[in-house]
Amino acid sequence: MRIITANVNGVRSAARKGFFQWLAAQDADVACLQETKVQAEQLNDPVFWPEGYSIYYLDAEKRGYSGVAVYCRREPDEVIQGLGWPDMDAEGRYLEVRFGNLSVVSLYLPSGSSSEERQAVKFSFMERFLPYLQECSGSGRDYVFCGDWNIAHRNIDLKNWRSNQKNSGFLPEERAWMDRLFGEEGWVDAFRTLNQEPEQYTWWSNRGQAWAKNVGWRIDYQVISPSLRPALRATAIYKDERFSDHAPLTVDYGYPI
């Protein structure tokens, strides 16, 4: 089973840069997109609706903002749109597809970089999401939470960690939350289980020469149930082409779908 996650920073922009041509060659079973920035009814070009995929969008109510999508080779048994939280569901941040005992989620955590108010929204999401994850852990299901979590976990996960310790995405409270996620809560960082190398980033600022100099952050994850750890086979961050300010993250699992 191959799962790809990608923050496309506007699905129409990514399409113009060749994202869907690339995706067609990846043999992915599931592709999770974040920050689609569109209303699905606006997507008239067939490139957005490739044959052989079951396709689901959860759009933000605000046009041109947020939004998530899932492209699957197999039609899911069930599709769950949203978390049941009106404020966050209105921003299009959670879309889950189920195949038997497996759930694959396209998740887009809020960013707090624009203002203190949005950082408060981010903290609120994190506070509510942890009990939700605990419910998932106790459900007996296998989960893959794909997406832009907007937090770099450890120093190795961003280039300039010293100068970013007071910035959203690397705040002590955010890192402690990730410590708990991957510690006592038992969830698994699929990429880091397979790749411990430094300078493995998935997002680069559009300012300066961040992309060219690889001054990046690893904020896109596949967070998995511990039951899936033995199924991990390979992972890759794709950087040969640039579809957005994020790079797609691929993980291969020895798990039937």
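Taken together, the values in this text are just the output of simple stated rules run on the coordinates, not laboratory data. Quantities reported herein were computed from a predicted structural model and do not represent experimental measurements. A quick note on method: Cβ atoms are made from the backbone with ideal geometry, for glycine too, and the neighbour counts reach across all protein chains shown.
Listed values, structure above:
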quantity: Qualifying positions in region 8-20 - more than 14 Å from residue 70 (Cβ to Cβ) and either in contact (Cβ under 8 Å) with a residue 12 or more places away in the chain or assigned to a strand (DSSP E or B) (or both); calculated: 9, 10, 12, 13, 14, 15, 17, 18, 19, 20
quantity: Hits in region 120-150 (condition: in a strand (DSSP E or B) and hydrophobic (A, V, I, L, M, F, W, C)); calculated: 144, 145, 146
quantity: Conditions (1) in a loop (DSSP other than H, G, I, E, B); (2) among the charged types (D, E, K, R); (3) touching a Lys or Arg at 6+ places or on another chain (Cβ under 9 Å): number failed by residue 175; calculated: (1)
quantity: Failed item, numbered, when residue 234 is tested on (1) surrounded by fewer than 16 Cβ atoms within 10 Å (Cβ to Cβ); (2) aliphatic (A, V, I, L, M); (3) within 15 Å of the chain's Cα centre (by Cα); calculated: (3)
quantity: Residue identified as over 22 Å from residue 94 (Cα atoms) and free of Cβ contacts under 8 Å to residues at least 40 places away in the same chain among 160, 155; calculated: 155
quantity: Residue selected from region 202-224 under the condition surrounded by 21 or more Cβ atoms within 10 Å (Cβ to Cβ) and assigned to a loop (DSSP other than H, G, I, E, B), by the criterion nearest to the chain's Cα centre (by Cα); calculated: 219
quantity: Count - residues of region 79-96 that are within 15 Å of residue 31 (Cα to Cα), touching a Phe, Trp or Tyr at 6+ places or on another chain (Cβ under 7 Å) and crowded, with 24+ Cβ neighbours inside 10 Å; calculated: 1
